[in-house]
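Since the structure comes first, as structure tokens, the remarks are kept for the end.
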Amino acid sequence: MNTPPASPDRDAQDAANWSAVEEATELLHEERYREALVELRSVIEADPKNPYAYYFLGIALFEIGELEAARDAYQATLKLAPTYLGARVGLAHVLRMTGDVRAAIREGLAALSQAPGDGDALHAVGVAYHARGDESAAIKYLEAFLQTNPELEVAFEARTLLVGLKGDPPPGD
């Protein structure tokens, strides 16, 4: 991947973009999603080229159940920052949840090509393959996901899904 070298101007812009969304990220951590939406929309109005604003807008919209709008926010993020891994993984999940499983797999695999072995990307691909009904691929990616030592809650969900797919508990349980 050819990534342009970092420059002081780009670093300063990235810092400014991040600074602009700090209040909104605090609201998201506090699960104050609607307040975060208002803040993020203000950030976007002031700077429509801030990829962090669109990314966190996607998260806030996802959390309140506005999946199509979350999809659009993640897509806007990727137009501004094509290598934003979190946005690509978020987009994969939203696409799966809105029924576009083929696109979800494509986005998840793109995330994995960008960051091989990334746990979040492995999980997104695994659940997308499950949604498509491809049990062997789902098992492959979910087992690889569990090897990344994910957080307890999502690991439990993946193990439960694997039990359903395989019919027996995964090794080590």
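A single member of Leu112, Leu165 is assigned to a helix (DSSP H, G or I), under 24 Å from Ile59 (Cα atoms) and hydrophobic (A, V, I, L, M, F, W, C), and it is Leu112.
With respect to Gly99, is the statement that it is farther than 24 Å from Ile59 by Cα and surrounded by fewer than 16 Cβ atoms within 10 Å (Cβ to Cβ) true? In short, no. Do we find that Leu67 is of a type in the set (A, V, I, L, M), surrounded by fewer than 20 Cβ atoms within 10 Å (Cβ to Cβ), within 22 Å of Val154 (Cα to Cα) and out of contact with any Cys (no Cβ under 9 Å at 6 or more places or on another chain) in this structure? Yes. Of the numbered criteria (1) part of a helix (DSSP H, G or I); (2) of a type outside the set (Ser, Thr, Tyr); (3) closer than 23 Å to Val125 by Cβ; (4) without any contact (Cβ under 8 Å) to a residue 12 or more places away in the chain, the one Ala73 fails is (4). Annotation: Glu143 fulfils all but one of (1) part of a helix (DSSP H, G or I); (2) loosely packed, with under 13 Cβ neighbours inside 10 Å; (3) modelled with pLDDT of 95 or more; the unmet one is (2). Might you let me know whether the range 107-123 holds any residue that is in contact (Cβ under 8 Å) with a residue 24 or more places away in the chain, among the aliphatic types (A, V, I, L, M) and under 16 Å from Gln75 (Cα atoms)? Yes: one or more hits. For the range 28-64, the candidate set comprises residues that are within 18 Å of the chain's Cα centre (by Cα) and in a loop (DSSP other than H, G, I, E, B); within that set, the residue that is nearest to Lys79 (Cα to Cα) is Asn50.
Looking across Ala121, Ala46, Ala76, Ala128, one residue alone is buried (at least 17 other Cβ atoms within 10 Å of the Cβ) and either of a type in the set (Ser, Thr, Tyr) or in the same structural domain as Glu22 (by TED's automatic domain parsing) (or both). It is Ala76.
The values are calculated or read from the model by the stated rules, or taken from the named source; none is laboratory data. Owing to the predicted nature of the structure, the values given are computational and were not obtained by experimental measurement. Please note: Cβ atoms are built from the backbone with ideal geometry, for glycine as well, and neighbour counts cover all protein chains shown.
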